[in-house]
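Read-outs: derived from the displayed coordinates by stated rules, not from any lab. The structure displayed is predicted, hence computed values, not measured ones. Cβ placement follows ideal geometry from the backbone for every residue including glycine, while neighbour counts extend to all protein chains displayed.
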Amino acid sequence: MDLIAQLDEFEAQALAAIAAAADLAALEAVRIQFLGAKQGKLRDLQGLLGQATKDLKPLWGKRFNEVKNRVSAALDARQRELARPAVAVGGLDVTMPGVVPRLGRRHPLTQTILEFKDIMGRFGFTVADGPEIEDDYHNFEALNIPADHPARDPLDNFYLASAVVGAGLKNSGGGSEARLLRSQTSTVQIRVMEKTKPPVRIISVGRVYRPDTIDATHSCMFHQMEGLMIGPSVTMAHLKTVLRLFAHAYLGHDVHIRFRPSFFPFTEPSVEVDMSWNEPGKPWLEIGGAGMVDPNVLKAVGYDPDQVSGFAFGLGVERFCMRRHGIPDIRLFTSNDVRFLSQF
Ligand code: PHE
């Protein structure tokens with residue numbers, strides 16, 4: 001039989017045996033059988049190569065090398081295939097490079113709130129909480145806001161429709177039974193003082209709701225940090241010091257605090273709190289309200305205004321966060337845009 005035909009047969013048999021090898025041991029046996037240096041079939045064929053006539057030699061030699069290379073390559077490929085760990089059912093290829101999971105992060109406002117709590121905690125303020133759905137008493141009455149006060153205007157508050165027996169749902173708009181989304185965190189001052197005896201030193205951070213026209217600096221839902229400190233001789237100097245220390249801790253030492261006379265029914269005297277930086281030409285930025293707790297409020301919760309005094313403040317959380325990070329628009333906080341959120 002001429003060598004070319006034998007090489008063809010060898011190649012066909014070898015490739016079939018390689019494909020049929022079910023594991024690495026079987027494949028090794030195939031290798032020895034066909035390519036083995038001592039008794040491999042290819043070795044026998046190599047012997048025949050020596051018998052070729054001069055003109056046949058280049059032809060046979062070329063075909064011989066071709067077959068040898070092809071079979072070796074098939075062996076290597078099958079070896080890599082068998083050495084690979086099993087591919088699990090369901091099409092999951094465990095040898096594929098993994099996909100690194102994208103790590104989520106806290107919302108910038110959550111980060112801010114946690115930092116606020118941390119800073120105020122260092123000043124000895126513990127954290128109190130209150131409900132976002134409030135009653136008339138805690139949102140207004142106990143805060144010395146009388147029944148006819150414009151702050152109760154249904155146009156300035158989110159009153160909830162309430163079930164009235166026999167009459168279905170009715171907007172409670174303003175009566176003493178009214179429920180509303182709290183318009184300020186000052187409600188928590190009352191809830192804390194109702195339950196605790198002085199001295200008191202708390203903050204409360206959370207959402208408040210007001211029907212504002214939404215723009216870059218106004219939202220109908222935003223966050224406030226309320227602070228309350230009551231004791232035998234708490235003064236306005238304590239208030240200003242705490243606010244200044246707080247602003248320095250969060251924004252840095254070049255922040256200035258300014259009080260402007262103002263009015264809130266639940267504090268007397270009352271002030272607006274402004275901040276500024278050592279930046280020429282930049283106006284003062286209003287960041288909240290504050291004052292000395294009104295004696296009427298102390299009385300409403302059973303404290304004796306002759307024994308204790310205290311300060312309260314309410315700061316806009318968004319304002320601080322926007323200032324620190326240079327965020328130009330308050331709506332970004334609720335736009336759910338990962339391009340924004342992933343920067344924090
Ligand atoms: N509750 C006031 C507001 O929302 C802020 C404030 C809090 C003022 C505490 C005085 C004392 O505008």
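Per residue, the convex hull spanned by the Cα atoms of segment 3-93 measures out at 90 cubic angstrom. If you fit an axis through the alpha-carbon atoms of helix 236-251 and take the longest principal axis of the Cα set of the chain, what angle between them do you get, 0 to 90°, nearest 10? Approximately 20 degrees, to the nearest 10. For the pair segment 256-326 / segment 1-26, the C-alpha centres are spaced 90 Å from each other. Among beta bridges from DSSP that stay inside the chain, the antiparallel ones total about 95%.
Once R0 is set to 22 Å, what does the formula 1/(1 + (r/R0)^6) return for the Cβ-Cβ distance between T235 and D118, expressed as a FRET efficiency to the nearest 0.05? Approximately 0.30, to the nearest 0.05.
Work through the residues other than E11 whose Cβ is under 12 Å from its Cβ and net out their charges, Lys, Arg +1 and Asp, Glu -1. Around E11, the charge tally is +1.
Counted residue by residue at 0.36 nm each, then reduced by the alpha carbon distance between them, the extension gain from E28 to K57 reaches 7.3 nm. Amide H contacts of T217: I330, each under 5 Å away and 5 or more positions distant or on a separate chain (H built 1.01 Å from N in the peptide plane; Pro and chain starts excluded). Relative to the dominant Cα principal axis of the chain, helix 186-195 is inclined by about 80°.
Treating r as the C-beta distance of R244 and H149 and R0 as 45 Å, the FRET efficiency rounds to 0.90. Just to verify a number: FRET efficiency for R105 and T217, C-beta to C-beta distance, R0 = 25 Å, to 0.05? In this case the efficiency is close to 0.50. Between A19 and V94, the simple spin-label model (points 7 angstrom out along Cα→Cβ) gives 2.8 nm. Around the amide H of D294, modelled in the peptide plane, lie the amide H atoms of T267, E268, all under 5 Å away and 5 or more residues distant in sequence or on another chain. In this simple spin-label approximation, K38 and H325 carry label points 7 Å from Cα along the Cα→Cβ vector, and these lie 7.3 nm apart. Over all other residues within a Cβ to Cβ distance under 11 Å of P295, the charged ones net out to -3, with Lys and Arg as +1 and Asp and Glu as -1.
Per-residue ellipticity at 222 nm computed for the chain from its helices equals -11500 deg cm²/dmol, with DSSP H segments shorter than 4 residues left out and the rest contributing -39,500 (n - 2.57). For the chain, the longest principal axis of the C-alpha atoms and the axis of helix 108-122 are separated by about 60°. Please report the net charge: other residues with Cβ closer than 13 Å to the Cβ of G61, K and R +1, D and E -1. Taking every other residue near G61 into account, the sum is +3. Considering only Cα atoms, the convex hull volume of the chain works out to 312 Å³ per residue.
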